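Colleague: Once you've had a glance at the structure underneath, I'll fire off some questions.
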Amino acid sequence: MSTSVLVINCGSSSIKYALVSERREDRIFGLAENLGSAEARIKGVSAGGAPLELSIPHADHEKALETILERLSHYNPQAIGHRVVHGGTLTKAELLTPEIIERIRAATPLAPLHNPAHLVGIDATMRLFPELPQVAVFDTAFHQTMPAHAYHYAVPKFLYTEYNVRRYGFHGTSHAYVSERGSELAGSFKQGGWLTAHLGNGSSTCAIWNGQSVDTSMGLTPLEGIVMGTRSGDVDPSLHSYLAANLGWDVYKIDKMLNKESGLLGLSNNLSNDMRTLIEASEQGNEDATLAIEVFCYRLAKSLAALSCGLPRIDGLFFTGGIGENSAYIREKTMSYLPHFGFNLSKEQNNNLKRGTEGRIDTGTGPQIWVIPTDEEGRIAKETEHVVDNEVNQATVKKSEADVAVA
Ligand code: ADP
């Protein structure tokens, strides 16, 4: 990258930011949290790695962004890249124009928790920095290459044609970065068949053939798929009518339960949604924690096996996300359910891999297994720069065409 890009990820009461430039060591990043409350604050890392903690009582998104940008303005960012969870059927990162902002707004019913917060952030940065080019990078875009047989639900067709009911997939920025970086390290940049497992608070799997997503575990919303921190992942769709008939629950209550009270948290009987806590509790004999871990690993392996159907051959698997990058235990347990494809995990390499580093952890006799720390901010910055460069090139071409026409 030749420029520096400010990457912004707006949540409902928080803003993650990162100033991304050429060298990863120079990255300045942080989190504005508790926005709108007396405890609003910014925590992060300043230039040179110095810790930053700043109280901004009652600051809203705009005030927090103003503070962040004031602190970063002397680094002269050349563009802003916004992470946007749902881009509907947009297939790539886009320069923010009134039309693209409308399309993000139109996708709100598909991501009601995320897109409204992104729009607040976009609105604020557009007002504060009208001169800076701004780009939206969508979590869904990478999966727009899925074939029709992977993205259709088996429901009446009008729900797709008139109401956009289909599988979209999420975490695309991470799956794209990790598969690109991993296949590069494996010596087959963007070639072959790879599985990725992004395991954080939200988790998903993806099958990638020659650099393109061909299937993924999340669907219409980020609830479908494998077990997550507080999200159930796949359940029998009849659970809704069963709970309505027998407990009198409405869809909002069921939705909340499946999104916020399920997953590792629900399975562990409200012990925790945090995998580290569950592993510790399981080691001390907590049976609910042990069950939560077992279900997590089994369902993850099952998802990877299912997604392998999208690949003509399997060259390997990449683990990423907080759990995938840091837990040798979860990686080993998951691989124990996948002997069918010839995977051979090296226990030694798996256990000895230093936290937060890239590394290969198979014995060298089957498909490769790697740990690749994700870099969503870096990827968003790269895509932002790419979009801005393209726009500049197009503007130059148009200008020279206009000059020729006048001459
Ligand atoms: P997010 O999706 O919010 O970005 P992360 O990718 O940071 O989340 O992942 C958070 C998860 O990673 C938590 O469940 C946390 O317990 C887990 N995690 C982090 N370090 C470890 C570790 N050493 N062992 C097991 N789990 C870990």
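The values are calculated or read from the model by the stated rules, or taken from the named source; none is laboratory data. This one's a predicted model, so the numbers in the text were calculated from it and none came from an experiment. No Cβ is skipped: glycine too gets one built from the backbone with ideal geometry, and neighbour counts run over all protein chains shown. Surface accessibility is based on the protein's heavy atoms, side chains included, excluding ligands, DNA and RNA. Shrake-Rupley method; radii C 1.70, N 1.55, O 1.52, S 1.80 Å.
Colleague: Could you identify the single residue in THR363, THR374 that is over 21 Å from ASN210 (Cα atoms) and of a type in the set (Val, Ile, Thr)?
Modeller: Values: THR374 fails: over 21 Å from ASN210 (Cα atoms).
After applying the criteria, what remains is THR363.
Colleague: Here is a further query. Tell me which of these GLN284 doesn't satisfy, since it passes every other one: (1) open to solvent by less than 80 Å² (accessible area, probe 1.4 Å); (2) of a type outside the set (Val, Ile, Thr); (3) within 16 Å of the ligand (Cβ to nearest atom).
Modeller: With respect to (1) open to solvent by less than 80 Å² (accessible area, probe 1.4 Å); (2) of a type outside the set (Val, Ile, Thr); (3) within 16 Å of the ligand (Cβ to nearest atom), GLN284 is out only on (1).
Colleague: Being in a loop (DSSP other than H, G, I, E, B), farther than 29 Å from PRO147 by Cβ and within 16 Å of the ligand (Cβ to nearest atom) is the requirement here; does LYS354 meet it? First the steps, then the outcome.
Modeller: On the way: in a loop (DSSP other than H, G, I, E, B): yes; farther than 29 Å from PRO147 by Cβ: yes; within 16 Å of the ligand (Cβ to nearest atom): yes.
In short, yes.
Colleague: Select from segment 99-132 the residues that are over 22 Å from the mean Cα position of the chain (by Cα) and at pLDDT 95 or above and write down the one among them that is surrounded by the fewest Cβ atoms within 10 Å (Cβ to Cβ).
Modeller: Only one residue tops the list, namely GLU99.
Colleague: Output the residues belonging to segment 45-78 that are on the phi > 0 side of the Ramachandran plot and in contact with a Gly (Cβ under 8 Å, 6 or more places away or on another chain). Break it down into steps so the answer makes sense when it comes.
Modeller: So in segment 45-78, the residues on the phi > 0 side of the Ramachandran plot come out as 48-49, 58, 76.
Residue satisfying the conditions is HIS58 alone.
Colleague: Let me ask something else about it. Quick test for you: out of SER268, SER272, pick the one residue that is farther than 22 Å from CYS309 by Cα, among the hydroxyl-bearing types (Ser, Thr, Tyr) and buried (at least 22 other Cβ atoms within 10 Å of the Cβ). Steps first, answer last, please.
Modeller: On the way: SER272 fails: buried (at least 22 other Cβ atoms within 10 Å of the Cβ).
After applying the criteria, what remains is SER268.
Colleague: For segment 51-151, give me every one of the helices (runs of 4 or more DSSP H) that falls completely inside it and has 1 or more residues that are small (Gly, Ala, Ser) and touching a residue at least 40 places away in the same chain (Cβ under 8 Å).
Modeller: Result: 61-72, 115-128, 148-151.
Colleague: Suppose we filter segment 292-331 for residues that are within 15 Å of the ligand (Cβ to nearest atom) and open to solvent by less than 10 Å² (accessible area, probe 1.4 Å); how many remain?
Modeller: 12
Colleague: Now, a different point. Out of LEU243, LEU195, LEU258, LEU223, I need the residue that is assigned by TED's automatic domain parsing to the domain that holds GLY316, open to solvent by less than 30 Å² (accessible area, probe 1.4 Å), part of a loop (DSSP other than H, G, I, E, B) and away from the ligand (no atom under 14 Å from the Cβ). Which one? Walk me through how you get there before you give the answer.
Modeller: Numbers: LEU243 fails: part of a loop (DSSP other than H, G, I, E, B); LEU195 fails: part of a loop (DSSP other than H, G, I, E, B); LEU258 fails: part of a loop (DSSP other than H, G, I, E, B).
Every option except LEU223 fails the conditions.
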